[in-house]
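The values are calculated or read from the model by the stated rules, or taken from the named source; none is laboratory data. Predicted model only: the values in this text are computed from it and were never measured. So basically every Cβ, Gly included, is an ideal-geometry build from the backbone, and we count neighbours across all protein chains shown. Note: accessible area is taken over every heavy atom of the protein model, side chains too, but ligands, DNA and RNA are not part of it. Shrake-Rupley method; radii C 1.70, N 1.55, O 1.52, S 1.80 Å.
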Number of protein chains: 2
Amino acid sequence: MNSEIFSPPQRILMGPGPSCVHPRVYRALSAPIVGHLDPAFLAIMDRLQAMLRSVFQTRNRLTLCLSGTGSAGMEAALANVIEPGDTALIGVNGVFGTRLADIVERVGGRLARLERPWGEVFSLEEVKAALDRDPSIKVVALVHAETSTGAHQPLAEIGKLCREREKLLVADAVTSLGGAEFKFDDWLFDVCYSGKQMCLCGQPGLAPITFSDRAVEKLRARKRKPPSWYLDLNLIDSYWTESERAYHHTAPISMNYALHEALALVLEEGLEKRFERHRLNSRALVSGLEALGFRMFAQEGRRLPMLNAVWIPGGIADAAVRQRLLQEYNLEIGGGLAAFAGKIWRIGLMGESSRRENVIFFLSALEGILWDVGAIRSIGAGVEAAASVYSGKSGSGSSAGSGGTVVSR
Amino acid sequence: MNSEIFSPPQRILMGPGPSCVHPRVYRALSAPIVGHLDPAFLAIMDRLQAMLRSVFQTRNRLTLCLSGTGSAGMEAALANVIEPGDTALIGVNGVFGTRLADIVERVGGRLARLERPWGEVFSLEEVKAALDRDPSIKVVALVHAETSTGAHQPLAEIGKLCREREKLLVADAVTSLGGAEFKFDDWLFDVCYSGKQMCLCGQPGLAPITFSDRAVEKLRARKRKPPSWYLDLNLIDSYWTESERAYHHTAPISMNYALHEALALVLEEGLEKRFERHRLNSRALVSGLEALGFRMFAQEGRRLPMLNAVWIPGGIADAAVRQRLLQEYNLEIGGGLAAFAGKIWRIGLMGESSRRENVIFFLSALEGILWDVGAIRSIGAGVEAAASVYSGKSGSGSSAGSGGTVVSR
């Protein structure tokens, strides 16, 4: 065992994260490490903060990355802004809303739960009504991109509402940041966290987070320390602040190198162009899937471009198809979670994975498997629909109903 | 900024972690990532667990690595075994004991504090007396290798005591694991955590942790969930358990690759040979330093081989020397923390950094700087003393007092 050569397979990652990693990021990852207080590393931290501000579209001073995955970002957000007894309104319409609710209770908060069926989003009116019902609410937390369902929560109006009502708004942008429009300052947010494994970098291990000055005030005024030392932003902030640099924990150097290079790539491409790329590839994928007779899972008009959830048609075996994609094509897509296990697939087109070649390859591979198991009678309809999107000839899967359509759904 | 080539300097890391990274680990780091539920990754997790058991010298089923640095390991240990109101006896004789005490209170425990001056260790009698004084104590936590002082806490007898008294013993082996003897099962421990940036791998970002069956029982019987979702070992365990593989968070794939390769290197070398290498290089370093007139900081006979803390002689400017080592020699050593900032240096010889060439190079570089500022009158005494240790001619710095000795201390 010990002397075996370390050689994992090469996959195309089209699941719910991690996503594919750019070769420049792999090179940065394996650059020689320096110490966590080395001037060379401190300079990297400063540039990381500046680049993160550009990506979050904020001027927040407290903008940094935590030494954990996106879920550590979620926990840090709530553990720092919620004090014992504070009421938090949590939007629960998927796994990540459910997780937010769980964390509220763990950190000693009082939970006010707002629910929607999975795949749907919350309206401004619903949030307003919830705030009216319970004036004790201090914090509102919503998931911008629900990775378990592919639903895309609009947040700009809710930001304005929360600011008027003096509630702190926490937004989960783990899956959306760097792949869809996200304007922290314009949308009047207070806390936002993300993960680097989705649209930013592909490679998991760090959680970018940013706090508005109002959120920082709440943090500074806490009567009790946060329940987590590791994620205590008062302490972490002082390591990231140029004039202090107080040792907190040993930062994962290589992870920060990787994110630094990945953010440089994001900004070289430009946010607008990057969002457009994500939209285009998703449109092509959805066209292809619909041409094959698939139906998308999330609410029409509220679908994420980087996480495309689709109903698995009746008669198609979830595990068998995903296993063939992985084993025969080295291609990973995600299954459904909780009640939707076996019922939906989650097809990620995030960051480096959001590429025309991946869309076309996935559709071809899927068609091949569906044809092989007799679910479609001929091959080509899915790829043709996607190709029409790229060529500008078509925007929707109008070729559905031909011989390429899945037999039963 | 965005298009600049990513090129950090190449340092020799002889501080308190991170330490140097083996080229094979860098190669593993930049291997193409797979998904966190990919069969190829699950196989890596299984091998990681088996290798971690070998290194911890345990058969504990619950043995895995957390997606955070060593400090996340510390927090996870306490957050999972302490329930609100449980009394924990914490040995405080340095920064990391202080941190343990801080975390006890954050997670709702009642703190019983046992103190020793920094640089010293706790005796069996002291721990026994503390347990006698306060029968409500349920958990005892001690730092095996106090990175802030270089003190090496003996733990075997304390393990036996805690087992007799039915206390859970938590040991911090962040700095010692893989560099000094550590026998989880034989020493009757209940929880131990470490960090990969010290003697295991060099590169920070994961925290190996192991729980005895007794500790697992306590975890399973909790009335309240741990305050941390991210570090909840009931949930993480079920992702690492072969028959369950329940998604918890997206594991940092590349970090796990790196640790996998690093543990393979540890086991290829063999634990006993590795410990002997750490002892030998430390002995040579200490001989060299003593020959130059330096005095070691930690209690005689209780000094760590991988973290050598030394008093800075009077008249020597801490920051200036460390800065010259870094800028002129690309060599990092650590300064003192808290009350010992400016008073001690912490010279790490951990994992890949524990090499004869580093000892000799560091002593030469230090002698050059000390000679340049007029603190020693001639060069060579330190290196000669170290060389004598390697050649087997000498075990201690008997050449002290010659022209090579630091003038003032």
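Regarding the stretch B:268-284, can at least one residue be identified that is surrounded by fewer than 23 Cβ atoms within 10 Å (Cβ to Cβ), under 18 Å from the mean Cα position of the chain (by Cα), among the aromatic types (Phe, Trp, Tyr) and in the same structural domain as B:SER353 (by TED's automatic domain parsing)?
Yes.
Output the residues belonging to the stretch A:300-319 that are in contact with a strand residue (DSSP E or B) (Cβ under 7 Å, 6 or more places away or on another chain), part of a loop (DSSP other than H, G, I, E, B) and open to solvent by 10 Å² or more (accessible area, probe 1.4 Å).
A:ARG302, A:ILE312, listed by residue number.
Can you tell which of B:LEU206, B:LEU188 is aliphatic (A, V, I, L, M), open to solvent by 10 Å² or more (accessible area, probe 1.4 Å) and more than 21 Å from B:LYS273 (Cα to Cα)? Can you show your working first?
On the way: B:LEU206 fails: open to solvent by 10 Å² or more (accessible area, probe 1.4 Å).
Answer to the check: B:LEU188.
Find the residue count for the stretch A:7-39, including only residues that are at the interface with another protein chain (Cβ under 7 Å from one of its Cβ atoms), closer than 26 Å to A:GLY334 by Cα, among the hydrophobic types (A, V, I, L, M, F, W, C) and part of a loop (DSSP other than H, G, I, E, B).
Qualifying residue count for the region: 1.
So if I check each of A:SER212, A:SER254, A:SER228, which one is more than 12 Å from chain B (Cβ to nearest Cβ) and modelled with pLDDT of 95 or more?
Numbers: A:SER254 fails: more than 12 Å from chain B (Cβ to nearest Cβ); A:SER228 fails: more than 12 Å from chain B (Cβ to nearest Cβ).
Step by step, each of A:SER212, A:SER254, A:SER228 is checked, and only A:SER212 is more than 12 Å from chain B (Cβ to nearest Cβ) and modelled with pLDDT of 95 or more.
Of all residues in the stretch A:371-383, count the ones that are surrounded by 20 or more Cβ atoms within 10 Å (Cβ to Cβ) and of a type outside the set (Gly, Ala, Ser). Before the answer, list the steps.
Of the stretch A:371-383, the ones surrounded by 20 or more Cβ atoms within 10 Å (Cβ to Cβ) are A:375-376, A:381-383.
Filter once more, keeping what is of a type outside the set (Gly, Ala, Ser): A:376, A:383.
Final tally of qualifying residues: 2.
Since A:TRP229 meets every condition but one in (1) crowded, with 22+ Cβ neighbours inside 10 Å; (2) touching a residue at least 24 places away in the same chain (Cβ under 8 Å), which condition does it not meet?
Result: A:TRP229 fails condition (2) only.
Where residues in the stretch A:49-70 are under 19 Å from the mean Cα position of the chain (by Cα) and farther than 30 Å from A:GLY335 by Cα, which of them is surrounded by the most Cβ atoms within 10 Å (Cβ to Cβ)?
Keep residues of the stretch A:49-70 that are under 19 Å from the mean Cα position of the chain (by Cα), which gives A:51-58, A:63-70.
Imposing the further condition that a residue be farther than 30 Å from A:GLY335 by Cα reduces the set to A:51-54, A:57-58, A:63-64.
On the way: A:MET51: 22, A:LEU52: 22, A:ARG53: 17, A:SER54: 14, A:GLN57: 18, A:THR58: 22, A:THR63: 24, A:LEU64: 22.
Looking at the filtered set, the residue picked out is A:THR63.
Of all residues being in contact with an Asp or Glu (Cβ under 8 Å, 6 or more places away or on another chain) and in a loop (DSSP other than H, G, I, E, B) in the stretch B:342-357, which is most open to solvent (accessible area, probe 1.4 Å)? Just the residue, please. I'd like the intermediate steps shown before the answer.
To start, the set of residues in the stretch B:342-357 that are in contact with an Asp or Glu (Cβ under 8 Å, 6 or more places away or on another chain) comprises B:342-343, B:345.
Now drop any that are not in a loop (DSSP other than H, G, I, E, B), which leaves B:342-343.
Values: B:GLY342: 39, B:LYS343: 104 Å².
Among them, the one singled out is B:LYS343.
Could you tell me how many of the residues in the stretch A:214-239 are among the aromatic types (Phe, Trp, Tyr) and under 18 Å from B:ILE103 (Cα atoms)? Talk me through it step by step, then tell me what you get.
If we filter the stretch A:214-239 for residues that are among the aromatic types (Phe, Trp, Tyr), which is where we start, we get A:229-230, A:239.
Still in the running and under 18 Å from B:ILE103 (Cα atoms): A:229-230.
Counting residues in the stretch A:214-239 that are among the aromatic types (Phe, Trp, Tyr) and under 18 Å from B:ILE103 (Cα atoms) gives 2.
Looking only at the stretch A:320-339, decide whether some residue is among the β-branched types (Val, Ile, Thr) and either open to solvent by 40 Å² or more (accessible area, probe 1.4 Å) or part of a helix (DSSP H, G or I) (or both). Please lay out each step first, then the result.
Pass one, the stretch A:320-339, residues among the β-branched types (Val, Ile, Thr): A:321, A:333.
Of the ones still in play, those that are also either open to solvent by 40 Å² or more (accessible area, probe 1.4 Å) or part of a helix (DSSP H, G or I) (or both) are A:321.
Yes, the conditions are met somewhere in the stretch A:320-339.
Just a yes or no: is a residue in the stretch B:299-306 on the phi > 0 side of the Ramachandran plot and away from chain A (no Cβ under 13 Å)? Can you show your working first?
Here is the first cut: in the stretch B:299-306, the residues on the phi > 0 side of the Ramachandran plot are B:301.
Keeping just the survivors that are away from chain A (no Cβ under 13 Å) gives B:301.
Among the residues of the stretch B:299-306, at least one is on the phi > 0 side of the Ramachandran plot and away from chain A (no Cβ under 13 Å), which makes the answer yes.
Tell me, please, whether a residue that is hydrophobic (A, V, I, L, M, F, W, C) and touching a Phe, Trp or Tyr at 6+ places or on another chain (Cβ under 6 Å) can be found in the stretch B:144-163. Show your work before the answer.
First pass over the stretch B:144-163, keeping only residues hydrophobic (A, V, I, L, M, F, W, C): B:145, B:151, B:155-156, B:158, B:161-162.
Those left that are additionally touching a Phe, Trp or Tyr at 6+ places or on another chain (Cβ under 6 Å): B:155-156.
Yes, the stretch B:144-163 has at least one match.
Taking A:SER254 as meeting all but one of (1) surrounded by 23 or more Cβ atoms within 10 Å (Cβ to Cβ); (2) over 28 Å from B:TYR257 (Cβ atoms), write down the number of the exception.
(2)
Against the condition under 22 Å from A:LEU52 (Cβ atoms), outside any helix (DSSP H, G or I), touching a His at 6+ places or on another chain (Cβ under 9 Å) and not β-branched (Val, Ile, Thr), how does A:LEU142 come out, does it pass? Please lay out each step first, then the result.
Details: under 22 Å from A:LEU52 (Cβ atoms): yes; outside any helix (DSSP H, G or I): yes; touching a His at 6+ places or on another chain (Cβ under 9 Å): no; not β-branched (Val, Ile, Thr): yes.
No, not satisfied.
Can you confirm whether A:PRO252 is more than 30 Å from B:LEU206 (Cα to Cα), touching a residue at least 24 places away in the same chain (Cβ under 8 Å) and of a type outside the set (Val, Ile, Thr)? Reasoning before the result, please.
Values: more than 30 Å from B:LEU206 (Cα to Cα): no; touching a residue at least 24 places away in the same chain (Cβ under 8 Å): yes; of a type outside the set (Val, Ile, Thr): yes.
Taking the combined requirement at face value, the residue does not satisfy it.
Identify, from the list B:ALA50, B:ALA101, B:ALA79, the residue that is of a type in the set (Gly, Ala, Ser) and closer than 27 Å to A:LEU326 by Cβ.
On the way: B:ALA101 fails: closer than 27 Å to A:LEU326 by Cβ; B:ALA79 fails: closer than 27 Å to A:LEU326 by Cβ.
The match here is B:ALA50.
Taking only pairs six or more apart or across chains, which ones have beta-carbon atoms under 6 Å, a first residue in the stretch A:180-196 that is under 12 Å from A:HIS144 (Cα atoms) and within 14 Å of chain B (Cβ to nearest Cβ), and a second residue that is in a loop (DSSP other than H, G, I, E, B) and open to solvent by 10 Å² or more (accessible area, probe 1.4 Å)?
Final answer for the pair search is A:SER194/A:VAL174.
Can you spot a residue in the stretch B:257-265 that is out of contact with any strand residue (DSSP E or B) (no Cβ under 6 Å at 6 or more places or on another chain), hydroxyl-bearing (Ser, Thr, Tyr) and not assigned by TED's automatic domain parsing to the domain that holds B:SER388? Step through it out loud before you land on a result.
Initial filter on the stretch B:257-265 (out of contact with any strand residue (DSSP E or B) (no Cβ under 6 Å at 6 or more places or on another chain)): B:257-265.
Subsequent filtering for residues that are hydroxyl-bearing (Ser, Thr, Tyr) retains B:257.
Of the ones still in play, those that are also not assigned by TED's automatic domain parsing to the domain that holds B:SER388 are B:257.
Within the stretch B:257-265, one or more residues are out of contact with any strand residue (DSSP E or B) (no Cβ under 6 Å at 6 or more places or on another chain), hydroxyl-bearing (Ser, Thr, Tyr) and not assigned by TED's automatic domain parsing to the domain that holds B:SER388.
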